[in-house]
Amino acid sequence: MLLLLKPLLNTFVSTGVKSETLTQPDSVTVQPGHTLISCRVSGYSLTDNSYATGWIRQRQGKLEWIFHQWGSGSGSFYQNNALKDRFSFSRDMSAGTVTIQGQRLQPDDSAVYYCVRPQ
């Protein structure tokens, strides 16, 4: 089974005079178990406990929260329990990337996936 995933290319968040950018690749088609999307952050560090980074998706016109994690490796992690068996997550602190990986994906997992910085 192949799934077409259309990530948002660049999300720009402005907080006063400081700005952050979350950059994702162009649309990708993946097979289950392969890395879906990696997102590179700039303007803040994944180790900064003042910030969280995560993923949401939009399908059938509705936004669905998947997960987010605050700051350092031991930072608070919050996940949508309904999706916990469908996705796994990893962060590369030195590269500033957050990656989402699909497991046991179904056709209804085809969606637009967004890397986000919740406030």
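The values are calculated or read from the model by the stated rules, or taken from the named source; none is laboratory data. Remember, it's a predicted structure, so these values are computed and weren't measured experimentally. Quick reminder, even Gly has a Cβ in these numbers, built from the backbone with ideal geometry, and neighbours come from all protein chains shown.
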Within region 93-116, can you find the residues that are surrounded by 12 or more Cβ atoms within 10 Å (Cβ to Cβ) and small (Gly, Ala, Ser)? 95, 96, 102, 110, 111
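Matching residues to (1) basic (Lys, Arg); (2) assigned to a strand (DSSP E or B):
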{"residue": "46", "(1), (2)": "no, no"}
{"residue": "50", "(1), (2)": "no, no"}
{"residue": "54", "(1), (2)": "no, yes"}
{"residue": "57", "(1), (2)": "yes, yes"}
{"residue": "63", "(1), (2)": "no, yes"}
{"residue": "66", "(1), (2)": "no, yes"}
{"residue": "69", "(1), (2)": "no, yes"}
{"residue": "78", "(1), (2)": "no, yes"}
{"residue": "82", "(1), (2)": "no, no"}
Looking at region 63-78, I want the residues that are at pLDDT 85 or above and have a partner that is basic (Lys, Arg) and loosely packed, with under 13 Cβ neighbours inside 10 Å with Cβ atoms under 9 Å, at least 6 apart or on another chain. Which pairs are those? 67/84
Checked region 65-89 for anything closer than 19 Å to residue 49 by Cβ and either in contact with a Gly (Cβ under 7 Å, 6 or more places away or on another chain) or of a type in the set (Gly, Ala, Ser) (or both); matches are 67, 68, 69, 71, 72, 73, 74, 75, 76
Of the residues in region 26-57, how many are under 14 Å from residue 110 (Cα atoms) and modelled with pLDDT of 85 or more? 2
